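A.B. asks: So that we are looking at the same thing, I have put the structure below in structure tokens.
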Amino acid sequence: MPSDTTADAELDPAAEGEGESPPKKKFSGKMIVLIAAPILLLLIVGAVLYFLGVLDPLLGKTEEMGEEEEMVVEPLPVGHFHDLPNLIVNLRETGRKPTFLKLAISLELNTPEDVAAIDQVMPRIIDNFQIYLRELRIDDLRGSQGLHRLREELLRRVTVAARPIEVRDVLFREMLVQ
């Protein structure tokens, strides 16, 4: 009968490796997808609900907070605008061909009474602008930074020329370089 026990051992694979543990299963690609897909879907749905504002009541945000912020913002006081006569100047030459600059400028003032005071010193303002503009080169006017520098310099010069009057800003209505 010894042959019966060997036959049983050959048929029973668990009997041979009784001291060994069963092999561990590894996560397959399908298992990872099945776990990650619902988590990713929940995150996307949560983000959409958050940005649409559906979750605002749950997070403690109310519409009253937004209305208070809007009420705090005050509009800037509107000044009074005064148009200067058009300026046409010959820019400093870098070559043989002359280059002309045509400017249409408006000044932003605080009160309508300032307009009459600006008219009294208009020849001094025009003179300061002409002297400065004739020294410019075409390269000084290139790009937004060049225009910003031009605006700052014109504002500085008009402030000096119209000393007690406060000029808020210099605005370009038209600018043509030819």
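Throughout, read-outs are computed from the coordinates displayed, never taken from laboratory work. This is a predicted model, so every value here is computed, not measured. Cβ atoms come from the backbone with ideal geometry, glycine included; neighbour counts cover every protein chain shown.
A.B. asks: Going by how many other Cβ atoms sit within 10 Å of their own, how do Arg137, Arg124 line up, fewest first?
C.D. replies: On the way: Arg137 12, Arg124 15.
Lowest to highest Cβ neighbour count: Arg137, Arg124.
A.B. asks: Classify region 80-177 as rounded, prolate or oblate from the Cα gyration tensor: take a ≥ b ≥ c as the square roots of its eigenvalues, call it rounded if a/c is under 1.5, otherwise prolate when a/b beats b/c and oblate if not.
C.D. replies: Values: a/c = 2.27, a/b = 1.95, b/c = 1.16.
In terms of gyration-tensor shape, prolate.
A.B. asks: Nearest 20 debye, what's the magnitude of the dipole of region 80-177 about its Cα centre given +1 on Lys and Arg Cβ and -1 on Asp and Glu Cβ?
C.D. replies: Numbers: 15 positive and 15 negative charges, 112 e Å.
It comes to approximately 540 debye.
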